[in-house]
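S.K.: Below is one structure. I have some questions about it.
The values are calculated or read from the model by the stated rules, or taken from the named source; none is laboratory data. Quick caveat: nothing in here was measured; it's all calculated off a predicted structure. Methodologically, a virtual Cβ is constructed for each residue, glycine included, from the backbone with ideal geometry; neighbour enumeration extends over all protein chains shown. These area figures cover heavy atoms from the full protein model, side chains too; ligands, DNA and RNA do not enter into them. Shrake-Rupley method; radii C 1.70, N 1.55, O 1.52, S 1.80 Å.
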Amino acid sequence: MERGKGRALDCPGGREGRSTWFPVFFAALAVMLMVLPAAAAEMPSWHNTTGPQPVQVGVYVVDLNTFNVADGSFGVNFYLALKSDAPVSITDLEIVNGRMTSVDTILNTSNEKSYRVFAAMTADPDLRQYPFDQHTLLIQIEPKLYDENRMILAIHNNSTGHEPDAGIQGWRLAGESSRTISRTYDAGEPPYSRAVFSYEIQRDITSTILKFFIPILLLVIVTLFSLMMKGPSRLGLNASMLIVAVFIHWRISDAIPLVAYATFLDVFMIITYSTIVLVLVSGILIQKFTESGELARVEQIRHWSILLIPPLSILMYLLLFLTLLH
């Protein structure tokens, strides 16, 4: 009897063992129920690999510089911000239309990065309205290896913008925008997500008028007033005006590359050449009929030259400048 009683007291399954084991078990279970939901909430969402990794990209431009229209290139330095639930860095991305020349790390955490980037960029300038041209400078960022099935870019609006004094000498920053697009390189393959940051620049209007149009305007005015001259010196004056116009056109056009279309300046100079040539031809005819003694024809040519050439020239210039409003 004593040995049986002793076994009952020592056995863990006895009544006293059960009475102490059950409270401990339920206390541990309650702790687990409280801890596991909190741990699950803190677990990064990137452990779920069923969808693409979203990455927010922000670009804050500090300065735009050295825009070269002839080469189609410009420099830019900016802050690049990256934010994602999964680890991401600048090495996962690339600039499509340029190359980074210098990168400094500003912020480096598991889910958020910030860099100071200096880059040499390329542009595709449209010179149809030169010298009243405006251009779109782009910063295009894309994953190096991951298509949209693995990484999708979005604009980080809070980190996107530009410094108020960011700009290029001789140009005015007219606006900016940002968007994301999909780009496919090969048919049948998944597209890549691309963040595009656009910056519109325009030439300074005052500088354009002073450098390009004031000299030409004075040249045309002198040419038209020469219609009232009656001596042979008029031919020399008009010929010299034509030479000056060609020289100015050459100097201005030298600042831009050769393009396969007519620019605004080209059309403007064609009208200028036409005006000078018409005045020059009328002077040649007047000189010819003066030498032959046909004074009636001389007066007739002078009358119609003054009546037609200035209004026609002014009308052509007005029609040309109206195209800038479209």
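S.K.: Can you spot the aspartates and glutamates whose alpha carbon is less than 18 Å from Lys144's alpha carbon? Ignore those fewer than 8 places along the same chain.
M.R.: Asp92, Glu94, Asp186, Glu189
S.K.: Across segment 283-294, in residue order, what do the Karplus-derived ³J(HN,Hα) couplings come to in whole Hz, using 6.51 cos²θ - 1.76 cosθ + 1.60 with θ = phi - 60° and x for Gly and Pro?
M.R.: So the Karplus estimates, Gly and Pro as x, are x, 5, 5, 4, 5, 5, 6, 5, 5, 8, x, 8 Hz.
S.K.: Using the heavy atoms of the protein chains alone and a 1.4 angstrom probe, what is the accessible area of segment 43-131 per residue in square angstrom?
M.R.: 49
S.K.: How far apart, in nm, are two points set 7 Å out from the Cα along the Cα-to-Cβ line at Arg297 and at Ser274?
M.R.: Between Arg297 and Ser274, the label points sit 2.6 nm apart.
S.K.: Calculate the FRET efficiency for Trp304 and Ala70 from the Cβ-Cβ distance with a Förster distance of 45 Å, rounded to the nearest 0.05.
M.R.: Efficiency, from the Cβ-Cβ distance: 0.55.
S.K.: Of Leu227, Ile256, Phe212, which is farthest towards the positive pole of segment 188-260's charge dipole, taken about the Cα centre with +1 and -1 on the beta-carbons of Lys, Arg and Asp, Glu respectively?
M.R.: So the residue furthest toward the plus end is Leu227.
S.K.: Still on this structure: With label points built 7 Å along Cα→Cβ from the Cα atoms of Glu189 and Phe247, find their separation and express it in nm.
M.R.: Between Glu189 and Phe247, the label points sit 5.6 nm apart.
S.K.: How would you rank 278-285, 183-190, highest first, on the average number of other Cβ atoms within 10 Å across their residues?
M.R.: By packing density, highest mean first, the sequence is 278-285, 183-190.
S.K.: Moving on to the next point. Please give the residues of segment 82-98, grouped as numeric ranges, whose backbone N is less than 14 Å from a label point set 7 Å along the Cα-to-Cβ vector of Phe118.
M.R.: Label zone hits: none.
S.K.: Provide the per-residue ³J(HN,Hα) series for segment 80-97, in order, calculated from phi with Karplus coefficients 6.51, -1.76, 1.60 and θ = phi - 60°, each as a whole number of Hz, with x at glycine and proline positions.
M.R.: In residue order, the calculated couplings are 10, 10, 10, 9, 7, 6, 9, x, 8, 8, 5, 5, 7, 10, 8, 8, 5, 9 Hz.
S.K.: Pulled fully out, how much extra length does the chain show between Phe213 and Thr105, if you take 0.36 nm times their separation in residues and subtract their Cα-Cα distance?
M.R.: This chain segment gains 34.1 nm when fully extended.
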